[in-house]
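In what follows, a single structure is set out as structure tokens and then discussed.
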Amino acid sequence: MIKHTLGKTVLALAIGGASLSAFAQVMVGGAPMLASKDIIDNAVNSKDHTTLVAAVKAAGLVDTLKGPGPFTVFAPTNAAFAALPAGTVDTLLKPENKGMLTGILTYHVVPGKWDAAAIGKMVMDGKGMASIKTVAGGTLVAKAAGGKVTVTDEKGGVATVTIADVYQSNGVIHVIDKVMLPK
């Protein structure tokens, strides 16, 4: 029964994400996300991702994420960054912490274009979970339950995908509600 329910959940997420992307303009942070633009050109328009954009700039990752990819980005919102302990973001944005910031940001990036259908298939094939290798070299664990997809980091933090399948010219973004941290 669990396998059947999981399969239905993953299929519904995949179909829902595909139909949303095919028939409606995806809005993120009050701005339309255009599949003809790259990850950076779309992200700078989202009022919900100003902290992420500032962090990407501080880490020197703009050119990489404007590159051909493809990339899958689990993009934390401003609220996700605000939920970190007080002073964390300011500390990470300092030039002397560029290496640490780069490590955290690249932990949110996966090589390849992994939309909801692809992640759903991985989760089904993995009997309810899928390990995903990040650009930083760490691992995220994706799970699907109750119509939601979650991603767990190496420290046990769990982020929920709030908007899936935001297609870009060089990949796909999944908006998440927590900042994920590597070991």
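Just checking, how many residues over the range 87-140 are among the basic types (Lys, Arg) and closer than 16 Å to Val53 by Cα?
Residues that pass the stated criteria total 2.
With modelled with pLDDT of 95 or more and among the aliphatic types (A, V, I, L, M) as the only criterion, which of Val149, Val166, Val109 stands out?
When all the criteria are applied, what remains is Val109.
Of everything in the range 151-172, what is closer than 14 Å to Thr72 by Cβ and of a type in the set (Val, Ile, Thr)? Give them in sequence order.
Val151, Val161, Ile163, Val166, Val172
Can you tell which of Asp41, Asp63 is over 14 Å from the mean Cα position of the chain (by Cα), more than 30 Å from Met129 (Cα to Cα), in a helix (DSSP H, G or I) and modelled with pLDDT under 90? Quick ask: steps written out before the conclusion?
Working: Asp63 fails: modelled with pLDDT under 90.
Testing whether each residue is over 14 Å from the mean Cα position of the chain (by Cα), more than 30 Å from Met129 (Cα to Cα), in a helix (DSSP H, G or I) and modelled with pLDDT under 90 leaves just Asp41.
Quick check on Ala54: is it in a loop (DSSP other than H, G, I, E, B), within 24 Å of Asp38 (Cβ to Cβ) and hydrophobic (A, V, I, L, M, F, W, C)? Walk me through how you get there before you give the answer.
Numbers: in a loop (DSSP other than H, G, I, E, B): no; within 24 Å of Asp38 (Cβ to Cβ): yes; hydrophobic (A, V, I, L, M, F, W, C): yes.
Considered against the rule, which asks whether it is in a loop (DSSP other than H, G, I, E, B), within 24 Å of Asp38 (Cβ to Cβ) and hydrophobic (A, V, I, L, M, F, W, C), Ala54 comes out as no.
Can you tell which of Lys143, Lys127, Lys178 is in contact (Cβ under 8 Å) with a residue 24 or more places away in the chain and farther than 22 Å from Val56 by Cβ? Give the derivation first.
On the way: Lys143 fails: in contact (Cβ under 8 Å) with a residue 24 or more places away in the chain; Lys178 fails: farther than 22 Å from Val56 by Cβ.
Unique residue meeting the criteria: Lys127.
Identify, by number, the condition in (1) touching a Pro at 6+ places or on another chain (Cβ under 9 Å); (2) at pLDDT 90 or above; (3) farther than 19 Å from Asp177 by Cβ that Ile104 doesn't meet.
(3)
Kindly check whether there is at least one residue in the range 130-141 that is closer than 13 Å to Pro182 by Cα and of a type in the set (D, E, K, R).
yes
The values are calculated or read from the model by the stated rules, or taken from the named source; none is laboratory data. What you are looking at is a predicted structure, and each value in this text was computed from that prediction instead of being measured. Cβ atoms come from the backbone with ideal geometry, glycine included; neighbour counts cover every protein chain shown.
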